[in-house]
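Notes follow once the structure below has been shown.
The values are calculated or read from the model by the stated rules, or taken from the named source; none is laboratory data. Fair warning: this is a prediction, and the values are worked out from it, not measured in the lab. Using ideal geometry, Cβ is built from the backbone for each residue, glycine included, and neighbour counts are taken over all protein chains shown. In case anyone asks, the SASA skips ligands and DNA or RNA and just uses the protein heavy atoms, side chains included. Shrake-Rupley method; radii C 1.70, N 1.55, O 1.52, S 1.80 Å.
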Amino acid sequence: MYTQSFSVSDGNAKDTHKGPKPVPVISAEDAAKIAAFEQRIADDGRIEPQDWMPEAYRKTLVRQISQHAHSEIVGMLPEGNWITRAPSLKRKAILIAKVQDEGGHGLYLYSAAETLGVSRDKMLDDLHTGRAKYSSIFNYPTLTWADVGVIGWLVDGAAIMNQIPLCRCSYGPYARAMIRVCKEESFHQRQGYESLMVMMRGTEEQRAMVQDAVNRWWWRCLAMFGPPDADSPNSALGMRYGIKRFSNDDLRQKFVDATVPQAEILGVTLPDPDLKWNDQRGHYDYGAIDWDEFWRTVNGDGPCNKERLATRVKADRDGQWVRDAALAHARKRAAREAKEAA
Amino acid sequence: MSSALKEWPLWEVFVRSKQGLEHKHCGSLHAADAPQALQMARDVYTRRQEGVSIWVVRSADIVASSPDDKGELFEPAADKIYRHPTFYDIPDDVGHM
């Protein structure tokens, strides 16, 4: 559901300014391979798992796809919190389906990352030990039922903006996984918006609840698109490799332009006094984003970072005996079948 | 005991979207054995009636051509243009052929 449109360095992001790297020596054979690879990217061709690829391309993809997968899996938690408290059987069924989709998206993406030679266990281990990042949007709590609707409308809406261009990214398995994800994503956004519409037609208290949730989520959603282009070190590489097609700022602008009319129809105010139509640019202007808060949350000090990670680690640990038992059972049965066949 | 056991093996999943069409590769997943792989494939890849039949194959059992052999394997066909119908000029009067 949610991509971190930016792919931040795993480890403590932003503070790690590295010195100049030593220039590697490139053989003539490698130079020819690099040229062929770059030509294919330039021709808008696709790279498949067995094709030769530069190590930096592989690394960038592993980081981005695994962060994306982690985001889907951790993204199940804030909404999963409301499954037992959904206001009706209908909303509960919808929410279960949506959260299951997020789990599915995580699985498509882990599979795509594995085609690059990284194991599932390694990726999960990186997540559970805090080495790998996931989208910081999930480090905020879901305080009321209106949060569930707002996540569908705004968080999934922002994710769709990020994810649609990824359907055309240069790495085949990632692009194919994203096509699958995007097909399902539209349901997520629509169910959220519709549930908010129902609340807005309800009592004064319900309308206030929706407005409160919008106030809390709006700026975080804008930050989801990642740092401004000038401050986004991985963007240029992503662009060069045909993984990223639009800059963070362009996608953010697209999201704002699409969302303002939706907010008007819904009858909520977006909490930004500087938000207004700019006739010259043909876009909405918006106010300054608090990037310090964003980086604090990315680097571990958001309101729910510890809780989210602890929940994931516990789920993994509690499930270990099931995975072991299934494997032991499969081996036993295979041994029995081999014996009978002999 | 848990650390002695490794991760579940990888399976490739093929789904027939409707009767009359071929099975198409749609992704992969981890499962302990074949029955479990089928069940997981149902949950992961056909939540919206995307299929009427599923194949699962252990990824390790797939034999694939190598991209390095691409020239050797596929390029010989490039100069056999007489294998295509468009190679032959037929008078317009003949109509559709």
Q | For chain A, alpha-carbon Rg and Dmax in angstrom | A | 21.9, 80
Q. In terms of the Cα gyration tensor, with a ≥ b ≥ c the square roots of its eigenvalues, is chain B rounded because a/c is under 1.5, prolate because a/b exceeds b/c, or oblate?
A. oblate
Q) Carbon and sulfur atoms: what percent of the 1.4 Å accessible area of the protein assembly as shown do they account for? A) 56 percent
Q | Of A:L166, A:Y108, A:L143, farthest towards positive along the dipole that unit charges on Lys, Arg, Asp, Glu beta carbons give segment A:106-182 | A | A:L166
**Q.** Relative contact order (percent, whole number), chain B, Cα cutoff 8 Å, 6+ residue spacing
**A.** 26 percent
Q: Would you kindly work out the equivalent ellipsoid of segment B:18-73 from its C-alpha gyration tensor and give its semi-axes, the square roots of five times the eigenvalues, largest first in whole Å?
A: 26, 16, 9
Q. Do you know the relative contact order of segment A:187-342, to the nearest whole percent, from alpha carbon pairs under 8 angstrom that are 6+ apart?
A. 17 percent
Q: Report the dimensions of segment A:302-342 along its three principal axes from the alpha-carbon atoms, largest first, rounded to Å.
A: 60, 11, 5
Q. Looking at segment B:53-97, which chymotrypsin sites (Phe, Trp or Tyr not before Pro) are DSSP coil and have at most 12 other C-beta atoms within 10 Å of their C-beta?
A. B:Y88
Q: Only loop residues by DSSP count here, and only those with at most 12 other Cβ atoms within 10 Å; note down the trypsin sites (Lys or Arg not before Pro) in segment A:265-305 that meet that.
A: A:R281
Q: Determine by what factor the alpha-carbon radius of gyration of segment A:274-332 differs from 2.2 N^0.38 Å, reporting the quotient.
A: 2.24
Q: Return one whole number: the accessible area per residue of chain B in Å², for a 1.4 Å probe.
A: 75 Å²
Q: Kindly flag which residue pairs out of A:K183/B:K24; A:K59/B:K24; A:K254/A:K276; A:K183/A:K306; A:K33/A:K59 have an alpha-carbon separation exceeding 25 Å in this structure.
A: A:K59/B:K24; A:K183/A:K306
(Q) Report the B-A buried area as the accessible area lost on both sides summed, probe 1.4 Å, in Å² to the nearest 100. (A) 2100 Å²
Q: With a point put 7 Å past each Cα toward its Cβ, work out how far A:N81 is from A:A326 in nm, to one decimal.
A: 2.8 nm
Q: Give me Rg over Rh for segment A:208-272, both radii from the alpha carbons and Rh done the Kirkwood way, two decimal places.
A: 1.09
